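Before any comments, here is the structure.
The values are calculated or read from the model by the stated rules, or taken from the named source; none is laboratory data. Everything numeric in this text was worked out from a predicted model, so none of it was measured. Virtual Cβ from ideal backbone geometry, glycine too; neighbours counted across all protein chains shown. The area values use the complete protein model at the heavy-atom level, side chains included, leaving out ligands, DNA and RNA. Shrake-Rupley method; radii C 1.70, N 1.55, O 1.52, S 1.80 Å.
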Amino acid sequence: MSNTPNFPFFENEFVKAMTQFRVPSVDVEMMITAQRKNVEAFTAANRLAIEGIQAVMRRQLEIFRQTVEESTRTLRDMATTTEPNERMSKQVEMLRAAYEQALGNMNELTDMLHKSNAEAADLIRTRVSDALGEVKKSVKKTAEKPVEKASK
């Protein structure tokens, strides 16, 4: 059994009509193959994007867990400090460290998303480039074929 779909209207009436108007014949197999490749490329790009989002979500959970642990440790440490100046110094240091950590985490998450999106975009860009090459090849191939005159 053939994996090639059967398009009787396309193969008969449409092709006759296109020939009558001297439109180069259409390579149905090439069109079907190109569409299959398009679907595969978009599926792979979506898979990459979803995997990237999942990785970011896992990292966000890890960051949240670390933040809770560090906050708990810092609060315990501050509870044992009775000297006001020392307490104030620890609070300032805690805020500075939290700020730097937050910036680092944001940069890391941004880089992760950027990488994931770039990989997905590269897949699509490659497929579009390949598709344009296939169209060019098909047009060149059909242009080289002599056009049959329509029978009257």
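Quick notes on this one:
- Matching residues, segment 3-18, being modelled with pLDDT of 55 or more and open to solvent by less than 90 Å² (accessible area, probe 1.4 Å): P8, N12, F14, V15, A17
- Annotation: of all residues in segment 72-86 being outside any helix (DSSP H, G or I) and out of contact with any Lys or Arg (no Cβ under 6 Å at 6 or more places or on another chain), the one that is least open to solvent (accessible area, probe 1.4 Å) is E83.
- Considering the conditions (1) at pLDDT below 85; (2) part of a helix (DSSP H, G or I), A41 is excluded by exactly one of them, (1).
- Which numbered condition E86 fails, given (1) touching a helix residue (DSSP H, G or I) at 6+ places or on another chain (Cβ under 8 Å); (2) modelled with pLDDT under 95: (1)
- Evaluated against (1) hydrophobic (A, V, I, L, M, F, W, C); (2) in contact (Cβ under 8 Å) with a residue 12 or more places away in the chain; (3) open to solvent by 90 Å² or more (accessible area, probe 1.4 Å), A34 falls short on exactly one condition, (3).
- Index of the failed condition, I63 passing every other in (1) within 30 Å of S129 (Cα to Cα); (2) among the aliphatic types (A, V, I, L, M); (3) open to solvent by less than 60 Å² (accessible area, probe 1.4 Å): (1)
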